[in-house]
1. Label points 7 Å out from Cα along the Cβ direction at Asp61 and Val15: separation in nm?
2. On C-alpha positions alone, give me the angle between the axis of helix 60-69 and the longest principal axis of the chain, in degrees, nearest 10.
3. Please give the length that would be gained between Leu78 and Val33 if that part of the chain were fully extended, namely 0.36 nm times their separation in residues minus their C-alpha to C-alpha distance (nm, one decimal).
4. What shape does segment 14-80 take by its C-alpha gyration tensor, where a ≥ b ≥ c are the square roots of the eigenvalues and a/c under 1.5 counts as rounded, a/b above b/c as prolate, and the rest as oblate?
5. Pairs of alpha-carbon atoms within less than 8 angstrom and 6+ residues apart define the contacts here; what relative contact order does segment 14-80 have, in percent?
6. Compare the peptides 53-59, 63-69 by average per-residue count of other Cβ atoms within 10 angstrom and give them in order, highest first.
Amino acid sequence: MSSSGKTLAKKPNPVYLKIGTVIRTRRKALGMVQKPFSKKIRLAQAQLSRLENGQQGMRFDVLLRISKALNAAPSEILVEAGL
């Protein structure tokens, strides 16, 4: 928290942000909003939001669930993110 009592937003990690942007873009292209998508991949909506905004990384099993829900291989997501 800052001295004013407000919680400071975590600065996005550039690599996480690239992956999160790909996930968000692909999710939206499928016409899915966060809440049903987060249920489909068994994550809290807040956690999905942090992933998409580059504020949190993910374990490989989470990437696998997300990839499956997006009809993509994990490698496709990483390549599209420029990694």
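1. About 2.1 nm, to one decimal.
2. 60 degrees
3. Gain in length upon complete extension: 14.0 nm.
4. rounded
5. After rounding, I find 42 percent.
6. Packing proxy ranking, top to bottom: 63-69, 53-59.
A short reminder: the numbers here are calculations on the coordinates, not readings from a lab. These numbers come from a predicted model, not from an experiment. Neighbour counts run over all protein chains shown; Cβ positions are idealised from the backbone, glycine included.
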